[in-house]
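Worksheet for the structure shown next.
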Amino acid sequence: MRLHHLEVTAFGPFADTSSVDFDDLSSAGLFLLSGPTGSGKTSILDAVCFALYGDVPGDRNTAKRFRCDTAAPGVAPRVRLEATLAGRRFRLTRSPAWSRPKKRGTGTTTENASVLVEERIEGEWVSQSTRLDESGHLVTGLLGMTMPQFCQVAMLPQGRFQMFLRAKSEDRHKLLQQLFSTQRFEDIERWIRDHARRLHRQSQELQGAAARVVSRILEATGEGLPEAWSSDDLTPQMDNDELTAWVTSLVAVQQEQAAVASTALDEAERAEQVARERRDAGHRTADLQARGASARAEVQALTEADDQQRERRLRLSSARRAAPVVPLHRLVRASAQQRDRAVEQARTARAGVDELLGLHDATDEALRHLVRDLVAARTLAMNALPRETELIGLRRRIDRGRTELQDLSAQEARDLASTEELPPRIDELRARLGQAREAAAHAERLSGDVAGLDLRLSARARADGLRVELERATEQRRVAVDTCQGLKETWLELTEARIRGMAAEIATELAVGASCPVCGSAEHPHKAEPAAGAPTAESEKAARKALEDAEPARVALEDKVRELTATLEHAESDAGDEPADELRAQRAELEAQRAATARVGRTTGELESSLTLAERTLQSATENLAATRIRLAETRTRLEADQAAAREIDDDLRGLLDGTGHDHLSQLIAHHQQAIEVCETAVRLDAEVAAATERADESRAALDGWLDEHAFTDLGTALDAVLTDAAFQSLEQEASRHETRLAAARAVLAEADVAAALELPAPDLAVLDQETTRSRNELGSARTQAQVARTRAARLSALSDGLATALASWRPVHTSHAVAAELAAFVEGKSADNELRMRLSAYVLAWRLTQVVAAANERLLRMSDQRYTLEHTGRRGAGESRGGLSLLVLDEWSGELRDPATLSGGETFVVSLALALGLADVVTQEAGGVELDTLFVDEGFGSLDSQTLDDVMDTLDALRDGGRVVGVVSHVAEMRSRIPTQLRVGKDRGSGSSTAVVRDAS
């Protein structure tokens, strides 16, 4: 990856558009990114990271305040970066989410984040993506690194150098896991553990199923488990097939008992069958004897009733012969009744003609002529009926027209009044609206002034707090400097005293016969004696350690004083020269003016609505007045035409109704219709009377001829011989039943079985039934015993099969669980086979950390003048629950291992930088050997002495090998003299931060 060009607008402290040409800076290979505190040096790195990933590193990403507070209100925050990624030239343009002023009205609206990824193909920029998620995946794939990995490798963010060095094993575990994506190994651990638990549960469930089958076997047999077995755990017996053999023996015993019961059942069935056959034979003989006796009695009784049977047959013959007289008699009666009804109806119709038309004894022909005249008159009236309907409609239209004419006249008067009253009101509203708009604009300007004073007051309060804090930090720094100076003097005094007493110290270490390390003599006649209270090497080392422990606090306090001083200057610059009371007075005055003008300005919307309503009302009234006058003219014309048409129709209708006694055509038509119907009914009923009389005479003649033909003296004799259907059918059934019973009884007596049974003695049925019942009871008992034995044997056999199935399911799961449990204990570090007692994930991360330490030591020896190296240890630190990832620093000069927390500020920076660079090398290798041609190192150089700074600069120079560009971020003055090519970032209260490239900064 190589950066080419960066452009930021309204981002971080950059209010306007600022650009950085990395291609120009790359010519020197090493450049310095410098500037005062708060100017935006780190924001340059944030902009690069934001362009690539849409986020910034560290805690600054949590605030999500990317837009410059001093940028113009409508300017959108934007970052544009040109870079070569995986050999391809890209241009990435991103804007974070921000609140912009609304285009209409007041207030703000949220503008969503956006991105545009373009690739340069054949000299043209071609869009590749505009989606946030897709762009993130694209950049991650091209770089082969996530954002945390990229920041650790290419950015080395400010304040993060020492985090990895001094972190506890738990925190170091989290960081390494994030950088090296070793979560999969913890997932493997969790999966193996969960797999073992699942197999354990499954094994327990299957073992429980087998135990339940055993319980049912015990219930079915009534047996108990062998005494040596435990009912709570049958695992040993299940595993060695002892349980299966025991169940098989139970099944064999039960099957033998079932065979014995089956034999007894067969014998009982044979005895029951013999008894049943004897009983059935006796009952059949008794039934035949009873049938024979019953048939003899039936024949005798029916023979005695022969006279009654002959009388029934004669009565049925007479009834059949007289049956046809009934319908003839009914026809005669019906035709006479029809004739009488027709005569009565004809008489009533004639009375209606007399009543309606006053015609007495008119002939049918006269009535027919009258009907023709009435039909003609009715037709004439019906033809004129639509004219009457039209007249009614015209009269209703005339009434509505008169009402509408009155309403339109009133509406005309109202519209005319509105057109005269509204123009002055509209002029007044326009004048008030102009005043309200001017007040609203003035209130908005005053709000900006009030906001500016609020910022200055806030800066003044911040400056007062910072001044107090600066005084406190200055005093703390003075105390720390005095402490360090005292500790240094103590250490120097001890060193000097130890040098003076070095002869005595050497003498105390001489052994008898050993040579003196100074003169080489093996004889020591007058060895030097140590003075009272002479310092030892341990006391000198303790004094030096105390000095080294106090030094980081002093350096931190000096940095804090410088930081507070710069921040105080910035706050006082923002606050201005006026005192706080004067600023508050100015704000109160401006706020009062703003509130007054704002109240007037808030009436703008109401006045705009009132003016719009008045103008629309005037326009509507003018248009309504013209429309109303047009409708008035149209209504008057239509009313006059309707009145003339109504007079003409009324004259025509009067000519038809005069002299009829009716006021409406409908009444006249109804009268004619009624007269026509009455006349036609009278003529029709006269014809029906003649036809009914003729039918009555014909039916009477037919009845008399039938009586003569069938030898009946009169109608009454014939009717007496007739039977009803029910009586005839009953009598015929009695005769047939008599004949059928007699034939059936004689047939029974003719049967050979009945005749033979009548010759035999009567059987003793009670004795036969008792024998059959006894044999049936014995059979039931044998059948029950056999069924119980078979059921028990079948159930036990099925349970034995079920137990075999359950054991077949349990054994492989039991075996798999044993293997999985052993493996789970191994990867969790709980197994005796795991000699390191380390979890799988910790082992992998420890191996990665070993790689990081090896890469870091290559640079640390050079940067520390061959004094310090890092060592990875697997022991747990104090208060740590996780081991395997601890770091110690080996001091090659003293040969002692030191905790990183005991290093001084400068030593901590050197070791941390070496560790960070080593970590970057390993992460880069992990990402597939991605070439990072641009690298940034952010802050921390102020704690280094000149010699250490030379070693660090040599290391940074070595990073330029292969054309890599290294950017060093620092505000240390000595760095500006060492690195001639610089990107300086300046800040201004009004225009925000800006950038400038400086060559040969000396």
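Okay, residues lined up against (1) over 60 Å from the mean Cα position of the chain (by Cα); (2) open to solvent by less than 90 Å² (accessible area, probe 1.4 Å); (3) without any contact (Cβ under 8 Å) to a residue 24 or more places away in the chain:
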| position | (1), (2), (3) |
| --- | --- |
| S335 | yes, yes, no |
| Q338 | yes, yes, no |
| A346 | yes, yes, no |
| R350 | yes, yes, no |
| L356 | yes, yes, no |
| H360 | yes, no, yes |
| T363 | yes, yes, yes |
| R368 | yes, no, no |
| V371 | yes, yes, no |
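Per the listing L81, L25, L45, the residue uniquely over 24 Å from N112 (Cβ atoms), of a type in the set (A, V, I, L, M, F, W, C) and under 42 Å from the mean Cα position of the chain (by Cα) is L45. Taken over the range 443-491, the residue count meeting the criterion of being within 15 Å of T565 (Cβ to Cβ) and more than 58 Å from the chain's Cα centre (by Cα) is 4. Residues considered: R400, R414, R425, R445. Of these, the only one that is open to solvent by 60 Å² or more (accessible area, probe 1.4 Å) and touching a residue at least 24 places away in the same chain (Cβ under 8 Å) is R425. Tallying residues that are within 55 Å of the chain's Cα centre (by Cα) and more than 26 Å from P812 (Cα to Cα) within the range 219-242 yields 2. Of all the residues in the range 181-197, those that are open to solvent by 100 Å² or more (accessible area, probe 1.4 Å), closer than 12 Å to A824 by Cα and not hydrophobic (A, V, I, L, M, F, W, C) number 1. The residues in the range 615-664 that are of a type outside the set (D, E, K, R), in contact (Cβ under 8 Å) with a residue 40 or more places away in the chain, part of a helix (DSSP H, G or I) and under 30 Å from L357 (Cβ atoms) can be counted, and the count is 2.
Within the range 402-412, the set of residues being modelled with pLDDT of 85 or more and among the hydrophobic types (A, V, I, L, M, F, W, C) comprises just one member, A410.
As a summary of the residue check, G705 satisfies the conditions (1) of a type outside the set (A, V, I, L, M, F, W, C); (2) open to solvent by 90 Å² or more (accessible area, probe 1.4 Å); (3) out of contact with any helix residue (DSSP H, G or I) (no Cβ under 9 Å at 6 or more places or on another chain) except for the one numbered (2).
Of the strands (runs of 3 or more DSSP E) that lie entirely inside the range 27-111, those containing 1 or more residues that are among the β-branched types (V, I, T) and either touching a Phe, Trp or Tyr at 6+ places or on another chain (Cβ under 9 Å) or at pLDDT 85 or above (or both) span 78-85, 88-95, 108-111.
F712 meets each of the listed conditions (1) modelled with pLDDT under 80; (2) loosely packed, with under 13 Cβ neighbours inside 10 Å apart from (2). Based on what the data block shows, is P761 without any contact (Cβ under 8 Å) to a residue 12 or more places away in the chain and not in a helix (DSSP H, G or I)? Yes; evaluated as a whole, the condition is true for this residue. Among the residues of the range 274-307, those that are without any contact (Cβ under 8 Å) to a residue 40 or more places away in the chain, part of a helix (DSSP H, G or I) and open to solvent by 80 Å² or more (accessible area, probe 1.4 Å) comprise E277, R284, D287, Q300, D307. Of all residues in the range 846-858, those that are touching a residue at least 40 places away in the same chain (Cβ under 8 Å) and under 12 Å from S886 (Cβ atoms) have Cβ atoms under 7 Å from Cβ atoms of residues that are outside any helix (DSSP H, G or I) and open to solvent by less than 10 Å² (accessible area, probe 1.4 Å), 6 or more apart or on another chain, in L849/L885; V853/L870. Set side by side, the residues T9, T17, T70 differ, and just one is in contact with a strand residue (DSSP E or B) (Cβ under 8 Å, 6 or more places away or on another chain), β-branched (V, I, T) and free of Cβ contacts under 8 Å to residues at least 60 places away in the same chain, which is T17. Selection of the range 116-138 for residues being touching a strand residue (DSSP E or B) at 6+ places or on another chain (Cβ under 7 Å), under 27 Å from V965 (Cα atoms) and open to solvent by less than 40 Å² (accessible area, probe 1.4 Å) yields V117, E118, E119, S135.
Return yes when G884 is at positive phi, modelled with pLDDT under 80 and surrounded by 22 or more Cβ atoms within 10 Å (Cβ to Cβ) and no when it is not. Against the criterion (at positive phi, modelled with pLDDT under 80 and surrounded by 22 or more Cβ atoms within 10 Å (Cβ to Cβ)), G884 qualifies.
When R700, R684, R737 are screened for being in a helix (DSSP H, G or I), open to solvent by 60 Å² or more (accessible area, probe 1.4 Å), at pLDDT below 80 and not hydrophobic (A, V, I, L, M, F, W, C), only R700 passes. Under the condition of being β-branched (V, I, T) and touching a Lys or Arg at 6+ places or on another chain (Cβ under 7 Å), the residues counted in the range 816-870 number 1.
Of the candidates T660, T628, the single residue that is surrounded by fewer than 17 Cβ atoms within 10 Å (Cβ to Cβ) and β-branched (V, I, T) is T660. Of the residues A228, A245, which single one is farther than 30 Å from T772 by Cα, of a type in the set (G, A, S), open to solvent by 70 Å² or more (accessible area, probe 1.4 Å) and without any contact (Cβ under 8 Å) to a residue 24 or more places away in the chain? Only one candidate passes the filter, namely A228.
The values are calculated or read from the model by the stated rules, or taken from the named source; none is laboratory data. Note that this is a predicted model, so its numbers are computed, not measured. Note that we place each Cβ from the backbone using ideal geometry, even for glycine, and neighbour counts take in every protein chain shown. Surface areas here come from the heavy atoms of the whole protein model, side chains and all, with no ligands, DNA or RNA. Shrake-Rupley method; radii C 1.70, N 1.55, O 1.52, S 1.80 Å.
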